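Encoded as structure tokens, the structure appears first; notes follow it.
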Amino acid sequence: NNHYQTNGYHPLVAFDGLTGMFLGAELRPGNVYTSKNAETFLTNIVTHFSKHPCNMNSMVRGDSGFAKPEIYNFCNENDIRFVIRLKANSRLRSEAERYVLYSDETDFRTHEVQYFFLTYQAASWKNAERVAVRATRDAGSFLFTRFEFVLSNFRNVSPETVFALYQKRGT
């Protein structure tokens, strides 16, 4: 940071989600984008731990800064489950709006949350992926629904479970 005449870092850090055990880190300059070289970092972590004889069930959990095809493809090719938040965009919101259910019995005076899956493919992705959606309407709001999106390759789990897995990120 030239303004303060100090160095800043934007590290990549990996922890075991069950034990909190430190798995690895890479210090990077503070001015690099969140996901720069994240797939290389992930590959190195997975390669290192795959040499151990234990049977590991791996899962990658990341915020929207890690929403990039290289990470999804790596995980899919290596049988690694992932939950990665997606930044909302107009195309995702438009698609999600079609799934939100309201009826004549909907009580708009109460807070409501709906969960569902949709299939989405960004222009830079080689495959369509499954996206869990949480649609939240606050009490008293008739027109505004807030959408959150989590990309996941988990199968046979509910969208609520996908969000629960994602929300453990950072703990």
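The values are calculated or read from the model by the stated rules, or taken from the named source; none is laboratory data. Note that this is a predicted model, so its numbers are computed, not measured. Quick reminder, even Gly has a Cβ in these numbers, built from the backbone with ideal geometry, and neighbours come from all protein chains shown. All accessible areas refer to the heavy atoms of the entire protein, side chains included, with ligands and DNA or RNA removed. Shrake-Rupley method; radii C 1.70, N 1.55, O 1.52, S 1.80 Å.
Condition first: in a loop (DSSP other than H, G, I, E, B) and closer than 19 Å to Pro69 by Cα. Now tell me which residues in the range 124-143 satisfy that.
Narrowing the range 124-143 to residues in a loop (DSSP other than H, G, I, E, B): 124-128, 138-143.
Matches in the range 124-143: Ser124, Trp125, Lys126, Asn127, Ala128.
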Could you tell me whether Glu112 is exposed (fewer than 14 other Cβ atoms within 10 Å of the Cβ), among the charged types (D, E, K, R) and in contact (Cβ under 8 Å) with a residue 12 or more places away in the chain?
-> no
Residue that is farther than 25 Å from Val13 by Cα and either at pLDDT 85 or above or not basic (Lys, Arg) (or both), where the choices are Glu97, Glu70, Glu26 = Glu97
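Per-residue answers, yes or no, for (1) in contact with a Cys (Cβ under 8 Å, 6 or more places away or on another chain); (2) touching a residue at least 40 places away in the same chain (Cβ under 8 Å); (3) open to solvent by 50 Å² or more (accessible area, probe 1.4 Å); (4) over 13 Å from Thr145 (Cα atoms):
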site: Asn78; (1), (2), (3), (4): no, no, yes, yes
site: Leu86; (1), (2), (3), (4): no, yes, no, yes
site: Arg98; (1), (2), (3), (4): no, no, yes, no
site: Asp107; (1), (2), (3), (4): no, no, yes, yes
Go through (1) within 28 Å of Arg134 (Cβ to Cβ); (2) surrounded by fewer than 14 Cβ atoms within 10 Å (Cβ to Cβ); (3) not basic (Lys, Arg) and name the single condition Gly65 misses.
-> (2)
Qualifying residue in the range 27-35 (condition: closer than 22 Å to Phe149 by Cα, open to solvent by 50 Å² or more (accessible area, probe 1.4 Å), out of contact with any Cys (no Cβ under 8 Å at 6 or more places or on another chain) and touching a residue at least 60 places away in the same chain (Cβ under 8 Å)) | no
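Is it the case, given these coordinates, that Ala135 is over 27 Å from Ala14 (Cα atoms), modelled with pLDDT under 90 and of a type in the set (Gly, Ala, Ser)? Spell out how you get there, then give the answer.
Numbers: over 27 Å from Ala14 (Cα atoms): yes; modelled with pLDDT under 90: no; of a type in the set (Gly, Ala, Ser): yes.
When the stated conditions are applied, Ala135 does not pass them.
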